[in-house]
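A quick write-up on the structure given underneath.
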Amino acid sequence: MAKILDSICQPNDIKNVPPEQYAQLAGEIRDFLLESVSRTGGHLASNLGVVELTMALHLCLNLPEDKIIWDVGHQSYVHKILTGRKGDFAGLRMYGGISGFPKTHESPCDAFNTGHSSTSISAALGYARGRDLLGKEYTVVAVIGDGALTGGMAYEALNNAARMDTNFIIILNDNKMSISENVGGVSKYLNDIRVNESYIDFKEDVEAALRRIPKIGPRMVKSVKRSKDSLKQLLMPGGFFEDLGIDYMGPVDGHDIGQLIRVIQAAKRKRQAVLVHVITKKGKGYEPAEEDPSAYHGVEQFDVQTGQPLKKSSASTYTQIFSKTMLRLAGSDTRVVGVCAAMPYGTGLYKFSKQYPKRFFDVGIAEEHAVTFAAGLAAAGMKPFVAIYSSFLQRAYDQIIHDVCLPQYPVVFCIDRAGIVGADGETHQGILDLSFLSSIPGMTVFAPKNKFELYDVLKFALTFDAPLAIRYPRGTAFGGLKSFRQPIEYGRSELLYKGSTIAVVAVGSMVQTADEVRTLLEKEGLSPTVVNARFIAPLDEEMMAKLAREYSLIVTMEENILRGGFGESVTACISRLPKTPQQPAAKVVNIGIPNVYVEHGNVELLKAHMGLDAASVARTIIEEYKKL
């Protein structure tokens, strides 16, 4: 029997589906998502939850002329399916395949590239203003989750959206979740609204009835609108959005396509900013994801029948090492507090939150607030450990400078997912942190070579009385080089192997690669010295000067972009050393990520593509050595 989904091959094909088949199509989309994502991995629960909402948007809009801006964008799989990309899902998030996020280069129906939270209203508002200035009349819709609404940028945009005197639609996808369960006043406010589901129907019915009264009806509508605050407060607690000047419509059942269509069509008629509050269930239609949406937010390959991952590893990850160490530190020092931005599971602070609930703070998707909040904790005498992914910490750059490093508060930044993270692509690769952190005066930056050094540096952090950033990669923690465990000394690197021909200085995750490179070079008759940099800032200039005196070729290795990174610091350091005919300048070769945004794909494949795997690095070193 032919599937309805097979008839959707290009944008707007869904409009050919009769209404009585909408429910069947929604079921087919969910079946396709489960079958496809179970093979490739990806964001599952969020997409299962927006099937009907996405269908309703596509039924009400004309793409690509109309614009949908998806906040974060990990929930855009259904949108991609309905715009003709169903056949590309076998390569979802794979190198050369389609992205798990909206990409303008993939389709004109992807109106804006997204990947980080709380940006959609700002981008869509800009689109709408540009539309008006150019005299065009297409519809612009921002779809934002209730989790993303905890981000301050969303409120800055809402404040500006209230000034709109032309159509602008905000869809609030309220599923009580971001990645983990939402926290804070916004969550409580939306919970209060959810119990008032009759509000929108009542308001529209009253307005329609009044307008039908001959002659005086329109005047009565205006009068009611002027005095509606008391009614609104009676029926809908707070009225926050309407108090801002944004028309509120909802709550709406996010799995009732008919109701969604009626409300979206009504929203399109508004000549102002309107927020449509849609209630959805994250993981809808797949029982394991409904019961534990956090676990099925982002999944690896899994068995659809059991919900269990196909690949299981008993090896500890860096996140798990951090998690265990935090429990030990908190047990020995009551000043230790943990701070995260809506990701207690992903950052490894969940167990800490259960064992030390009064010393754990999840601030929601608000990295800027997290950093300044931690500065306040430090100023009060606490020892805050702020756990945030590398690519998300970028959002708080000003706060790191102004509120932590200028006053030199002892805040510890535990930076997970540093380096290449793989399938989530450009918006999530943690390839900039060494550059932007080491450029800040007063910031100490450290990268552990293995799981033992991560534990050691976290202990070191407990007594370090200044800002400290510790960056470590995603995935299994390296357990090699266990015998090399010199005590951590501020600003000092660690000599691992003493050779005679060249020197290799590696940062963090690249130390493991450097060890593999050493073996390859020795097979070619070269004798490399291998140094574990440890500290990126401050740089161990004494060690660099020593290497420059002893070797004519120095190679740096880092999983960070080259511009502003560790290699450039070493090159600059060595260029400042005095030179004589007997002691010419050593040649420095920097190996790292080119100054590009790294697309999605398998981590090892991406490293090989950029020349960061052991074989590629060894070839580069041999070629450079031959030139000498």
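The values are calculated or read from the model by the stated rules, or taken from the named source; none is laboratory data. Just so you know, these numbers come straight off a predicted model, no measurement behind them. Note that we place each Cβ from the backbone using ideal geometry, even for glycine, and neighbour counts take in every protein chain shown. Accessible surface is based on the protein model in full, side chains and every heavy atom, while ligands, DNA and RNA are left aside. Shrake-Rupley method; radii C 1.70, N 1.55, O 1.52, S 1.80 Å.
When the listed pairs LYS482/LYS627; LYS15/LYS311; LYS281/LYS607; LYS282/LYS358 are checked against a 31 Å cut-off, the alpha-carbon distance exceeds it for LYS482/LYS627; LYS15/LYS311; LYS281/LYS607. Computed per residue of the chain from DSSP H runs no shorter than four, each worth -39500 (n - 2.57), the mean residue ellipticity at 222 nm is -11000 deg cm²/dmol.
The angle separating the long axis of helix 614-627 from the principal Cα axis of greatest extent in the chain is about 50 degrees.
Structure shown: which of LYS67/LYS136; LYS449/LYS626; LYS67/LYS268 lie over 18 Å apart, alpha-carbon to alpha-carbon? In this structure, LYS449/LYS626 exceed 18 Å between Cα atoms. Take every Cα pair under 8 Å whose residues are at least 6 apart in sequence, average their separation, divide by the length of the chain, and the relative contact order is 11 percent. Ligands, DNA and RNA are left out, and with a 1.4 angstrom probe the accessible area of region 255-321 is 52 Å² per residue. Straight-line cross-link partners of LYS546 among the lysines, defined as a Cα under 17 Å from its Cα and at least 8 positions apart when in the same chain: LYS498, LYS579, LYS587. Between the Cα long axis of helix 199-211 and the first principal axis of the chain there is an angle of about 40°, rounded to the nearest 10. Taking GluC sites (Glu not before Pro) that fall in a DSSP loop and have at most 11 other Cβ atoms within 10 Å as cut points, what is the longest piece of the chain between them? The segment 138-523 is the longest one with no such site. Of the solvent-accessible surface of region 1-78, computed with a 1.4 Å probe and all protein chains present, 50% belongs to carbon and sulfur. If you take the square roots of the eigenvalues of the alpha-carbon gyration tensor of the chain and sort them as a ≥ b ≥ c, do you get rounded (a/c under 1.5), prolate (a/b over b/c) or oblate? Prolate. The Cα atoms of region 346-440 give a gyration tensor whose axes a ≥ b ≥ c have a/c of 1.5 or more with a/b no greater than b/c, which makes the shape oblate.
Here region 351-490 has 55 percent of its accessible surface on carbon and sulfur atoms, given a 1.4 Å probe and all protein chains in place.
Near ILE622, once Lys and Arg are set to +1 and Asp and Glu to -1 for all other residues with Cβ below 11 Å from its Cβ, the sum equals +1. If you sort the three axes of the alpha carbon gyration tensor as a ≥ b ≥ c, you get a/c of 1.5 or more for region 463-504 and a/b no higher than b/c, which makes it oblate.
Against the chain, whose longest principal axis comes from its Cα atoms, helix 318-332 is set at around 80 degrees. The residues of region 1-142 have, on average, 35 Å² of accessible surface per residue, using a 1.4 Å probe with all protein chains present.
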